[in-house]
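Shown next, in C-alpha cells, is the structure this report addresses.
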Amino acid sequence: MTGSDTTPLHGLHLELGAKMIPFAGYDMPVQYRAGVMQEHLHTRAAAGLFDVSHMGQVRLSGPSWEAVAGAFETLVPMDVKGLADGRQRYGFFTSDAGGIEDDLMFARAGDDLMVVVNAACKAADIAHMRAGLPGEISVDALSDRALVALQGPRAQAVMAGLDARAAQMRFMDVAELEPGGLAVVASRSGYTGEDGYEISVPAAEAERLARLLLEHEDVMPVGLGARDSLRLEAGLCLYGHDIDATTDPVSAALTWAIQKVRRRGGDRAGGFPGADVIFERMDQGDGPRRVGLQPEGRAPMREGVQIFDSAEGGDPVGHVTSGGFGPTVGAPVAMGYVPHALSAPGTGLWGEVRGKRLPVNVTALPFVPANFKR
Amino acid sequence: MKFTEEHEWLREEGGEMVVGITIHAAAQLGDVVFVELPEEGITVSKDDEVVVIESVKAASDILAPVDGEITEVNAALADNPAMVNDDPQGEAWFFKMTVSDPSQLEEFMDEAGYQKFIA
C-alpha cells in the first residue's frame, strides 16, 4: 500500500507542519506540531479538526426511498427503511459467514442514502454495493467531495458561530448548512466519543472551510495519531484491527447496532448476508467477546499482545486488537478479544509484554464517557 | 558529551558513562508515556536492548552503546516518563554504566559531528 493519493487538504497539512504517513493509500497527517498528546487533550477540552477525506463517500439513489432502503437492507443488518429523513445510523456490511466486511455510517437525504465507508475498504465496498444491489439503484462514489470532522465540547459553539442552525442538530442528525457561505452537508456525529460534526464539502472548497474553522481559537488541527487514541478511549472499533471479516457482530459486541426489526422475530428479520450464522451466535451467547482491557501498570499493551488467564504457563486465551496510552485516562488502555466466560468487567487476566506477564483487568467500555448531544 | 548513530548521548561522570537520548531523538519519539529500565548490576554487551521507551504511538528500544555493567538507573523516569521530552540531555538520563573496552568509545561523534549527522 502506498501513500500516493492525497486529499484536498494535503497542502494545508504541510503548511501546518504535519508529520505525514502513508495510510490506506493516502499521504495523511499523523500529527501536527502540538503532538498526539496535546491534540488528544485539546479535542476533549475544546475542539479538534480532522481531515477524514480519505474515507469513501457514496450516494445510493433509485426510484424511491423504499426501493433504496429496501435494497440496502439486503447488505446490512440495520433498520434502513425506518430511518427518518435527515437521520444517520452506524452499520456494517456482513459476509455470508457472518463476518464484518466493513463498518460504515449511513444517512437518509430525501430518497437517497449517503454512505461513508473506510478508506482501505472503499473500492471493495463500492464493488460490493454495485454487485449486490439491483440495477435500478445507482451507486455513485462522491470522489469530488472532501470530509472533515470537528470534534469536541466546543464544536457546537464553533459551528453555530458560522451557521446558527448547527446548534439545533441532535446526535446523528444530518443537515445542509452554509458555514461562511459554503454549501456543506453536516452530520452531528464523529468517531471520538465527543460531540461534534462531520462535514462533507466540495473538494474545491475544502481548504476554505478548514481555514475558516481553524481561525477559531478553540480549534486545533488533529492528526490520525490522536484520532486513534480518542476512538480507543471511546471504545469504538477500528476496522482491520478490532473488527474484520473474521469477527462477527456478536463477538465484536456490536449487536446493539442490529435493530430489533431485523432480528429473529422482527418484521424484517434477516435477509442480509450471514443472518443465520449471526442469529445463531446471538442465541448461543458464548464464543469470544470484544472487551475493554485496562493494564494495571504503566506499560501499554498494544495490538497483538497475547492474553492469558494465569500468571505463568498455559495457552493464550485472547489477544489485544488495539492498545496504547489513553491521554484522557492518563494510563494505558486497550481492547481485545477474550472468551465469553472471562469477559465480565473486573475479571483479572495477564497480558504478555516483552516476555513478561503483566496484570490487566477486563473493563466496561468506553474508557471515557461519550459526550454526545442526544 | 559523545553521540552515537542510534541517537544516544554519553557523558563521563566519575569514571562511568551516563547514557540518555538526544533532543532530536526525543522529538522524533513524541510524547513518552512509559520507560522500562534495566536492572542495576547486569552486564551488557554493545547493542543489547537495555531500555524500552513507549511513546503514545509506539515502542522503541535503546541499545547499550558499549560493553559494561549497568551501575545505576534513573528511577525518576518510572514515575515521570514525560521528563524524556522535557529534558532529554539533562535530567532524563536512563542509566549509568561502566565501560569495559574504552576503544569502543572512539567511533562516537562529538556534538558538531552529531549535528551534521542529523542535518
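The values are calculated or read from the model by the stated rules, or taken from the named source; none is laboratory data. Here the structure is a predicted model, which is why all the values come from computation and not from measurement. Don't worry about glycine lacking a Cβ; one is built from the backbone with ideal geometry, like all the others, and counts go over all protein chains shown. What goes into the accessible areas is simple: the full protein's heavy atoms, side chains included, and nothing from ligands, DNA or RNA. Shrake-Rupley method; radii C 1.70, N 1.55, O 1.52, S 1.80 Å.
Give me the residue from segment B:59-82 that is touching a residue at least 24 places away in the same chain (Cβ under 8 Å), within 14 Å of chain A (Cβ to nearest Cβ) and in a loop (DSSP other than H, G, I, E, B) and, out of that set, most open to solvent (accessible area, probe 1.4 Å). Reasoning before the result, please.
Initially, segment B:59-82 is screened for residues touching a residue at least 24 places away in the same chain (Cβ under 8 Å), giving B:60, B:62-75, B:77-78, B:81-82.
Narrowing the set further to residues that are within 14 Å of chain A (Cβ to nearest Cβ) leaves B:60, B:62, B:75, B:77-78, B:81-82.
Filter again for in a loop (DSSP other than H, G, I, E, B), leaving B:75, B:81-82.
Working: B:Ala75: 66, B:Pro81: 7, B:Ala82: 40 Å².
In this case the residue turns out to be B:Ala75.
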Review point. How many residues does segment A:306-344 hold that are within 23 Å of A:Asp286 (Cα to Cα) and touching a Pro at 6+ places or on another chain (Cβ under 9 Å)?
Key: 12
Study note, to complete from the structure: Given (1) more than 14 Å from chain B (Cβ to nearest Cβ); (2) surrounded by fewer than 17 Cβ atoms within 10 Å (Cβ to Cβ); (3) among the hydrophobic types (A, V, I, L, M, F, W, C), A:Val329 misses just (1)
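Where in segment A:280-374 are there strands (runs of 3 or more DSSP E), lying wholly inside it, with at least 2 residues that are on the phi < 0 side of the Ramachandran plot and touching an Asp or Glu at 6+ places or on another chain (Cβ under 8 Å)? Give the steps one after another, and end with the answer.
Details: elements: A:288-295, A:306-308, A:318-326, A:331-339, A:348-353, A:356-363.
Filter on segment A:280-374 gives A:306-308, A:318-326, A:331-339, A:348-353, A:356-363.
Out of the residues in segment B:43-58 meeting the condition of being part of a loop (DSSP other than H, G, I, E, B) and over 13 Å from B:Glu6 (Cα atoms), tell me which one is farthest from the other protein chains (Cβ to nearest Cβ). I'd like the intermediate steps shown before the answer.
The first filter runs over segment B:43-58 and keeps only residues part of a loop (DSSP other than H, G, I, E, B), leaving B:45-48, B:56-58.
Among the residues that remain, those that are also over 13 Å from B:Glu6 (Cα atoms) are: B:45, B:56-58.
Details: B:Ser45: 18, B:Val56: 4, B:Lys57: 6, B:Ala58: 8 Å.
It comes out as B:Ser45.
Pick from A:Ala120, A:Ala97, A:Ala124: which is surrounded by fewer than 22 Cβ atoms within 10 Å (Cβ to Cβ), touching a helix residue (DSSP H, G or I) at 6+ places or on another chain (Cβ under 7 Å) and under 25 Å from A:Ala252 (Cα atoms)? Don't jump to the end; show me each part of the working.
Values: A:Ala120 fails: touching a helix residue (DSSP H, G or I) at 6+ places or on another chain (Cβ under 7 Å); A:Ala124 fails: touching a helix residue (DSSP H, G or I) at 6+ places or on another chain (Cβ under 7 Å).
Matching residue, one of A:Ala120, A:Ala97, A:Ala124: A:Ala97.
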Point to revise | Selection count, segment A:147-165, where residues are surrounded by fewer than 24 Cβ atoms within 10 Å (Cβ to Cβ) and closer than 12 Å to A:Arg188 by Cβ | key: 3
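Just to verify a result, which residue in segment A:52-77, among those that are assigned to a strand (DSSP E or B) and open to solvent by 10 Å² or more (accessible area, probe 1.4 Å), is farthest from A:Pro134 (Cα to Cα)? Walk me through how you get there before you give the answer.
We begin by selecting, within segment A:52-77, every residue assigned to a strand (DSSP E or B); these are A:56-61.
Filter once more, keeping what is open to solvent by 10 Å² or more (accessible area, probe 1.4 Å): A:57, A:59, A:61.
Working: A:Gln57: 20, A:Arg59: 15, A:Ser61: 11 Å.
Top of the filtered list is A:Gln57.
I want to confirm something. Restricting to segment A:335-357 and keeping residues that are open to solvent by 50 Å² or more (accessible area, probe 1.4 Å) and touching a strand residue (DSSP E or B) at 6+ places or on another chain (Cβ under 7 Å), which single residue is nearest to the other protein chains (Cβ to nearest Cβ)? Quick ask: steps written out before the conclusion?
Filtering segment A:335-357 for residues open to solvent by 50 Å² or more (accessible area, probe 1.4 Å) gives A:340-341, A:344-346, A:350, A:352, A:354-357.
Keeping just the survivors that are touching a strand residue (DSSP E or B) at 6+ places or on another chain (Cβ under 7 Å) gives A:340, A:344-346, A:350, A:352, A:354, A:357.
On the way: A:His340: 30, A:Ala344: 28, A:Pro345: 24, A:Gly346: 24, A:Trp350: 17, A:Glu352: 14, A:Arg354: 7, A:Arg357: 15 Å.
Only one residue fits best here, namely A:Arg354.
Residues that are farther than 24 Å from A:Pro249 by Cβ, touching a Ser or Thr at 6+ places or on another chain (Cβ under 7 Å) and surrounded by fewer than 20 Cβ atoms within 10 Å (Cβ to Cβ): does segment A:11-26 have at least one?
So in segment A:11-26, the residues farther than 24 Å from A:Pro249 by Cβ come out as A:11-23, A:25-26.
Okay, now just the ones that are also touching a Ser or Thr at 6+ places or on another chain (Cβ under 7 Å), so A:22, A:25-26.
Filter again for surrounded by fewer than 20 Cβ atoms within 10 Å (Cβ to Cβ), leaving A:22, A:25.
The answer is yes, given that some residue of segment A:11-26 is farther than 24 Å from A:Pro249 by Cβ, touching a Ser or Thr at 6+ places or on another chain (Cβ under 7 Å) and surrounded by fewer than 20 Cβ atoms within 10 Å (Cβ to Cβ).
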Review point. Can you find a residue in segment A:81-95 that is part of a helix (DSSP H, G or I) and polar (S, T, N, Q)?
Key: no
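For every residue, the table says whether it meets (1) in contact with a Phe, Trp or Tyr (Cβ under 8 Å, 6 or more places away or on another chain); (2) away from chain B (no Cβ under 14 Å); (3) of a type outside the set (Gly, Ala, Ser); (4) under 30 Å from A:Thr7 (Cβ atoms).
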site	(1), (2), (3), (4)
A:Gly225	no, no, no, yes
A:Ser251	yes, yes, no, no
A:Val261	no, yes, yes, no
A:Phe279	no, yes, yes, no
A:Gly287	no, yes, no, no
A:Glu296	no, no, yes, no
A:Val317	yes, yes, yes, no
A:Val333	yes, no, yes, yes
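Yes/no per residue for (1) away from chain A (no Cβ under 14 Å); (2) open to solvent by less than 60 Å² (accessible area, probe 1.4 Å); (3) touching a Pro at 6+ places or on another chain (Cβ under 7 Å); (4) part of a loop (DSSP other than H, G, I, E, B):
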residue	(1), (2), (3), (4)
B:Arg11	yes, no, no, no
B:Ala27	no, no, no, no
B:Val33	no, yes, yes, no
B:Gly41	yes, yes, no, yes
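For (1) open to solvent by 40 Å² or more (accessible area, probe 1.4 Å); (2) assigned to a loop (DSSP other than H, G, I, E, B); (3) polar (S, T, N, Q); (4) at pLDDT below 95, each residue gets a yes or a no:
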site	(1), (2), (3), (4)
A:Glu217	yes, yes, no, no
A:Arg227	no, no, no, no
A:Leu230	no, no, no, no
A:Gly235	no, yes, no, no
A:Ala245	yes, yes, no, no
A:Pro249	no, yes, no, no
A:Ala253	no, yes, no, no
Review point. Of all residues in segment B:95-119, which are among the acidic types (Asp, Glu) and assigned to a helix (DSSP H, G or I)?
Key: B:Glu111
Check your understanding: Taking into account only those residues within segment A:18-32 that are touching a Pro at 6+ places or on another chain (Cβ under 9 Å) and in a loop (DSSP other than H, G, I, E, B), which is farthest from the other protein chains (Cβ to nearest Cβ)?
Key -> A:Ala18
